[in-house]
Every structure is written in C-alpha cells, then in structure tokens.
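Comments concern the structure below.
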Amino acid sequence: MQKRYTKYFILASVLFLCFTLFTVIVATVDVQPIGPQQSTVGLATVNQAVFSFFGVNRLWYDATDYLGIAAIATALGFAVCGLAQLIRRKSIKKVDPRILLLSAFYVAVLAFYVFFELCVVNYRPVLLSQALEASYPSSHTMVVVCLMGAAMLQFQHVLRNRKGWLLAAETVSALVIVITVVGRLLSGVHWFTDIAAGVLLSVALLALYRAALQYIEERADTLTDPQE
C-alpha cells in the first residue's frame, strides 16, 4: 500500500516542475522592454494588458503589506512556542517534531526569497524607490501563502479538539491568503506572472511541507503500532 506521504512528494515534484517550466517561459517568451527604465519582462503582451486594466492602487499595496506583517507575526508565534519548548526541555531532540519541521520550512521559504532577490527574472512594473526592484515571483505573495498555509496545517493539529476555534483560525488564514493574492494583483506593483508564479511556488513548497509532515505522522503511528 502506497504511503500518503509518497503521494504528497509526487505532487510537490510535479508542482516544482511546473514552476520551473513557467519560469523558463516567462524568461524567454514574448520578452519586451515594457517596464520602468526599459526593463524587460516575458509574456509582455499578457502582462501589459493586465497591468493596464488594473492600474496602480497604493491602498491595496499598503493593505497587503499589513497582511504580510500579520503572517510573519503568526510565524513568530510558532517560533516562540518552539523556543519555549527548547528552553523548558533543555534538548532540541525533545522539541515537538512538527515545530522543528516548521522551522525547516521557514528556512526553505527564506532561501527561495533570497535566491530570487539575487537571481532577477524581471523587475516591478512601477518604481517604488529610485532603483529597479526584483519582482518575480511575488515574494510577498509567496511568504504570506506559505506562512498562513503552514499555519493552517498546524492549527489542524493544535486545535483538533476545538472545532469552533479551528474553523475560525482556518477561515481567517484563508482570508489573509486570498486577500493578499488578489490585493497584490490589484495594487499594480507586480506583473500578473509574478503573482501566478508566487502562488505556484508557494503551493509547491506547501505540498513538500505536507509530505514531510505526513511522513512524521505515519512514522509516529508505525512506532506506536509496529504491526501497521
């Protein structure tokens, strides 16, 4: 019988492949200098059409920035819980494996953030400062979707016996994700392909995280009941 975590690993692999192919397309197809200071962007016809339709809205930009802060605050909350366990139990081996895995997930998200800040695919459609800024994928979208998506998986464990609280936590998390994705597009500070790539990369990372989480859970069940 195929383990469930294997299915999640396969899903994550497919999603990462899709993200890679999408990135290649954005970097090579219909590349035109439509950005500030004649900066180039792929799929220029589509990106220019979407940007012209929505325009620039700084209100949405500011609103999604605050949601980003909320997502980071949520992540810090879990980090504090892990630190408290480490201090209290005086051994990293005694810290909840789910918290340790979540920490590793945060490091992976940070690594992708830094990578695409250094390896620029294209720049923002508008200048927020005097210099061009890396825009692909939307790092803000990636961070919020990843942090709140991972938080929802943690809530399912922590609040599993409190259905009302679990529903509220998942609803708020989902709203933060949806509003951020839509709001970032409406703000006009990213091309359409930046947002799409940010969502795709986030889902791939979450699928990988879910696979690792499922592996931990299935391994724990096996140790509890060796006959399985």
In the chain, what percent of the accessible surface is made up of carbon and sulfur (1.4 Å probe, ligands and nucleic acids excluded)?
68
Pairs of alpha-carbon atoms within less than 8 angstrom and 6+ residues apart define the contacts here; what relative contact order does the chain have, in percent?
34
Where trypsin sites (Lys or Arg not before Pro) fall in DSSP loop in the range 36-123, at most 13 other Cβ within 10 Å:
K90
All other residues with a Cβ under 14 Å from the Cβ of Q156 taken together, and with Lys, Arg as +1 and Asp, Glu as -1, what is their net charge?
+3
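The values are calculated or read from the model by the stated rules, or taken from the named source; none is laboratory data. In this text the structure is predicted, and so the values were computed from the model without any measurement. Neighbour counts run over all protein chains shown; Cβ positions are idealised from the backbone, glycine included. The accessibility values were calculated without ligands, DNA or RNA, using every heavy atom of the protein model including side chains. Shrake-Rupley method; radii C 1.70, N 1.55, O 1.52, S 1.80 Å.
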